[in-house]
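Reading through the structure tokens given below for one structure.
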């Protein structure tokens, strides 16, 4: 199957059509319109077979995941996702694989009202790069740089499930079929917190998505904002599946260090905390307060039930950058 | 070397800084501003080792080439290049390779006033995806769809050199060192016709860049525009290096079919032909008239000195899509 046949079959005329796309797939470039008084947000993520996903990942999950991880970056800026470009490198043309992959991709794209406007298909070792674009009202984007001493630290959902899914496979951790199913769903079909990101605009002082783990990603906020933080680890949300599978001492590396969960981590001033909590409730977004920002220059302290907590060395590492 | 060290060393603070980049490398997304009354043009190209380039390509050439092929797509729309995202997948971190690669990349980016605003670096088989963005005054973009019967067909430069460079290596075609140097320069360091593309705005009726070969790419214009064309093959420009190396009968597959030269192919109405030729001269852009558009539905006829010309079967094929 030639490139243009493949594009016609799996991409052209499929998925949603946005009114701000002036020219979609099929010319040298796509042409789109950014509304006045908006900024354009752009993010790019590559997933490589064997590095970012197991080679036997269900192709529908891969189609979902590659878009989800990019939409998560847009969510962390408070942007509204609009368009994506897809660079798909395939070892060979497997029609069943492509059908399932594009089904997963189109499904999440439609859910978030995102149009695939172009890309490239090439022959080579399996690898997928998505460049996702979104729009955000001028000056309203959330960055990593705005956290201030006294701000509260929130996270939008349970952490550690994706890591548990990976390690259960890699290391044969004992896990019931039901719990395995729950955590694999989090890894295969992560939910980018797109609505939450937009709710946070104008209220949160900083935000990031948790792709590298809570400790690493909060560290990015602390360094960019030039502040310290204290996190009460017992407040970090975790799923029933994770609690059922691991005893307390085993949980922390997953919950604090693993990443791949794509929840949002954000900070809000004490003055805006109530307003934000009300707004989150109104939009059906759950978020838990896990700690507080302090004056400083980038240090993170963890506590467990009031005592200083030190992560065990040699924890797990999330899938490679 | 960790991802963030690599980004700090080779990308952050290097290259040009554009005033329309509100937030560059280092957050979840980049933020940029598109001026009012402009459309955003977006294109994506992937180069895979062993498929789109020889594994021993000089890394500086690769850095140049991966940006050039994307800028060429922007040129074909008449867009002004602005920003790129770079997804770089490397088998290992080779500092000398990275230094040379990024030197080639930054050099061409600076020349065309393009800022690298983000991307991703991952571990895996060598592959590079660039998503390039540009801006074009609203409604002024050149597409493949506007050619009309009676329009003249132009090409901006000699064709076949990149193909000759590849085949000389693959098949050991006899070629002098000087001629080899000339054609390899065209393959390693293609010149995207960015200025030409902008000159064509408002005058050309359609445009495309020649990546798949003259016959294939003109075919895209003919199908999108629903017209026929006649091309006088003896008028298609070719370099002295190619003429010196190949006898006449051997040249046509390279000149007409090979691609990878990244010249622009465009059409202009008879009424605007003179004005366009003057404007091209004024901006120092060379372009040769090679044929004419006719009424029809997508057919291309070639002539050689007034006689119908048929390409020999089983010609070369440009590097894979």
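Considering only the stretch A:234-253, I want to know if a residue exists there that is under 16 Å from residue A:76 (Cβ atoms), at pLDDT 95 or above and surrounded by 14 or more Cβ atoms within 10 Å (Cβ to Cβ). Checked the stretch A:234-253: no residue is under 16 Å from residue A:76 (Cβ atoms), at pLDDT 95 or above and surrounded by 14 or more Cβ atoms within 10 Å (Cβ to Cβ). For the stretch B:84-92, the count of residues that are surrounded by fewer than 15 Cβ atoms within 10 Å (Cβ to Cβ) and without any contact (Cβ under 8 Å) to a residue 40 or more places away in the chain is nonzero.
Please go through the stretch A:10-35 and give me each residue that is outside any loop (DSSP other than H, G, I, E, B) and either within 9 Å of chain B (Cβ to nearest Cβ) or at pLDDT below 95 (or both), ordered by number. Spell out how you get there, then give the answer.
So the first thing to find is which residues in the stretch A:10-35 are outside any loop (DSSP other than H, G, I, E, B), and the list is A:10, A:21-23, A:30-32.
A:10, A:22, A:23, A:30, A:31, A:32 - these are the residues of the stretch A:10-35 that are outside any loop (DSSP other than H, G, I, E, B) and either within 9 Å of chain B (Cβ to nearest Cβ) or at pLDDT below 95 (or both).
Per-residue answers, yes or no, for (1) within 14 Å of another protein chain (Cβ to nearest Cβ); (2) without any contact (Cβ under 8 Å) to a residue 60 or more places away in the chain; (3) buried (at least 24 other Cβ atoms within 10 Å of the Cβ):
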position	(1), (2), (3)
B:134	yes, no, yes
B:159	no, no, yes
B:166	no, no, no
B:174	no, no, no
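For the stretch A:136-153, name all the residues that are out of contact with any helix residue (DSSP H, G or I) (no Cβ under 8 Å at 6 or more places or on another chain) and buried (at least 22 other Cβ atoms within 10 Å of the Cβ). Correct list: A:136, A:141. Limited to the stretch B:73-87, what total is found for residues that are touching a helix residue (DSSP H, G or I) at 6+ places or on another chain (Cβ under 8 Å) and over 13 Å from residue B:44 (Cβ atoms)? Counting residues in the stretch B:73-87 that are touching a helix residue (DSSP H, G or I) at 6+ places or on another chain (Cβ under 8 Å) and over 13 Å from residue B:44 (Cβ atoms) gives 7. The set of residues in the stretch B:133-151 being over 19 Å from residue B:72 (Cβ atoms) and not in a loop (DSSP other than H, G, I, E, B) consists of B:137 alone.
One line per residue, one yes/no per condition, for (1) touching a residue at least 12 places away in the same chain (Cβ under 8 Å); (2) assigned by TED's automatic domain parsing to the domain that holds residue A:64; (3) farther than 17 Å from residue A:206 by Cβ:
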site	(1), (2), (3)
A:248	no, no, yes
A:257	yes, no, yes
A:269	yes, no, no
A:280	yes, no, no
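Conditions (1) facing chain A (nearest Cβ under 7 Å); (2) more than 20 Å from the chain's Cα centre (by Cα), marked per residue:
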| position | (1), (2) |
| --- | --- |
| B:119 | yes, yes |
| B:131 | yes, no |
| B:143 | yes, no |
| B:148 | no, yes |
| B:153 | no, no |
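Suppose the filter is touching a helix residue (DSSP H, G or I) at 6+ places or on another chain (Cβ under 7 Å), more than 21 Å from residue B:170 (Cα to Cα) and surrounded by 13 or more Cβ atoms within 10 Å (Cβ to Cβ); does residue B:266 pass it? It is true that residue B:266 is touching a helix residue (DSSP H, G or I) at 6+ places or on another chain (Cβ under 7 Å), more than 21 Å from residue B:170 (Cα to Cα) and surrounded by 13 or more Cβ atoms within 10 Å (Cβ to Cβ).
Out of curiosity, is residue B:186 within 15 Å of the chain's Cα centre (by Cα), within 30 Å of residue B:275 (Cα to Cα), surrounded by 24 or more Cβ atoms within 10 Å (Cβ to Cβ) and within 14 Å of chain A (Cβ to nearest Cβ)? Considered against the rule, which asks whether it is within 15 Å of the chain's Cα centre (by Cα), within 30 Å of residue B:275 (Cα to Cα), surrounded by 24 or more Cβ atoms within 10 Å (Cβ to Cβ) and within 14 Å of chain A (Cβ to nearest Cβ), residue B:186 comes out as no. All conditions in (1) assigned to a loop (DSSP other than H, G, I, E, B); (2) over 29 Å from residue A:79 (Cα atoms); (3) away from every other protein chain (no Cβ under 14 Å) hold for residue A:125, with the sole exception of (3). Here residue B:94 passes the criteria (1) at pLDDT below 95; (2) in contact with a strand residue (DSSP E or B) (Cβ under 7 Å, 6 or more places away or on another chain) except the one numbered (2).
A single member of A:205, A:176 is at pLDDT 95 or above, within 24 Å of residue A:53 (Cα to Cα) and not assigned by TED's automatic domain parsing to the domain that holds residue A:72, and it is A:176.
Kindly indicate whether residue A:264 is modelled with pLDDT of 95 or more, in the same structural domain as residue A:169 (by TED's automatic domain parsing) and within 18 Å of residue A:195 (Cα to Cα). In short, yes. Filtered by the rule that a residue be outside any loop (DSSP other than H, G, I, E, B) and more than 16 Å from residue A:155 (Cβ to Cβ), the stretch A:293-302 gives A:294, A:295, A:301. Each residue in the stretch A:189-200 was checked for being away from chain B (no Cβ under 13 Å) and either part of a loop (DSSP other than H, G, I, E, B) or touching a strand residue (DSSP E or B) at 6+ places or on another chain (Cβ under 8 Å) (or both), and 5 pass. Confirm whether residue B:217 is closer than 27 Å to residue B:112 by Cβ, outside any helix (DSSP H, G or I) and touching a residue at least 24 places away in the same chain (Cβ under 8 Å). Criteria not met by residue B:217.
For the stretch A:36-90, which residues satisfy the criterion of being assigned to a helix (DSSP H, G or I), within 17 Å of the chain's Cα centre (by Cα) and more than 9 Å from chain B (Cβ to nearest Cβ)? Steps first, answer last, please.
Taking the stretch A:36-90 as the starting set, the residues that turn out to be assigned to a helix (DSSP H, G or I) are A:59-76.
Of the ones still in play, those that are also within 17 Å of the chain's Cα centre (by Cα) are A:61-76.
Listed by number, the residues that qualify are A:61, A:62, A:63, A:64, A:65, A:66, A:67, A:68, A:69, A:70, A:71.
Looking across B:216, B:207, one residue alone is within 14 Å of another protein chain (Cβ to nearest Cβ) and surrounded by fewer than 23 Cβ atoms within 10 Å (Cβ to Cβ). It is B:216.
Going by the structure shown, is residue B:304 in contact with a strand residue (DSSP E or B) (Cβ under 8 Å, 6 or more places away or on another chain) and crowded, with 16+ Cβ neighbours inside 10 Å? Here the answer is no, as residue B:304 does not meet what is asked. Regarding the stretch A:102-117, can at least one residue be identified that is away from chain B (no Cβ under 12 Å), surrounded by 20 or more Cβ atoms within 10 Å (Cβ to Cβ) and assigned to a loop (DSSP other than H, G, I, E, B)? Within the stretch A:102-117 (the criterion being away from chain B (no Cβ under 12 Å), surrounded by 20 or more Cβ atoms within 10 Å (Cβ to Cβ) and assigned to a loop (DSSP other than H, G, I, E, B)), the answer is yes, since at least one residue qualifies.
The values are calculated or read from the model by the stated rules, or taken from the named source; none is laboratory data. For clarity, every value in this text was computed on a predicted model and none was experimentally measured. With ideal geometry, Cβ positions are generated from the backbone for all residues, glycine too; neighbour counts draw on all protein chains shown.
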